[in-house]
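**Q** Okay, handing you the structure first.
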Amino acid sequence: MLLQRLSAIRWPLLVIVLVTLLSSCVPASAPATFKIGLVAPFSGRDAVLGYNMLAAAKLALKEWNERGGVGGYYIELVAQDDHSEREAAAVQAWKMAMDPQLLGVVGHPSSESARAGASVYLPAHLPAIVLSDTRLGAVLGESYVFLLGPYEE
């Protein structure tokens, strides 16, 4: 009986000790980070466009992070390939929406991928800057998805 009580006490104590030891291994000066997403075509017919977007995003984030980040937070980039296709864009948008550390997404330069991505970001309340298909504006109204493409008019 006494051994069972000691065993029951020992596990919580062991967990507390391990958490305390592991937390002391993280440097106190480690900067906080947040993630933003980039969804673009890194394969298929528009791969050159996707890699140009990736290079520009990496350069911009490198410059921000070298200056100390944004408000003291470093920015980490998460990039996904939408192949400029509707199905792939929806899958990649869901991956972005499921990441609790992701603050927002930029991308979807093709009309097909923009529509598929927006259909995921809206219900997920994930802020997104969509670079194409401003015809979505009539559907979206006030939302978390911001359109930066040219207007048809």
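The values are calculated or read from the model by the stated rules, or taken from the named source; none is laboratory data. No experiment lies behind these values; they were computed from the predicted model shown. Heads up, the Cβs are rebuilt from the backbone with ideal geometry, glycines too, and the neighbour counts pull from every protein chain shown.
**Q** Determine, yes or no, whether ALA32 is under 22 Å from the mean Cα position of the chain (by Cα) and modelled with pLDDT of 90 or more. Walk me through how you get there before you give the answer.
**A** Numbers: under 22 Å from the mean Cα position of the chain (by Cα): yes; modelled with pLDDT of 90 or more: no.
No; evaluated as a whole, the condition is false for this residue.
**Q** For the list (1) under 26 Å from GLU87 (Cβ atoms); (2) part of a helix (DSSP H, G or I), I need the number of the one condition that GLY37 fails.
**A** The single condition GLY37 does not satisfy is (2).
**Q** Looking at region 80-153, what helices (runs of 4 or more DSSP H) fall wholly within it and have at least 3 residues that are at pLDDT below 90 and more than 21 Å from ALA57 (Cα to Cα)? Write out each step before concluding.
**A** On the way: elements: 86-97, 111-124, 136-140.
Ranges flagged: 111-124, 136-140.
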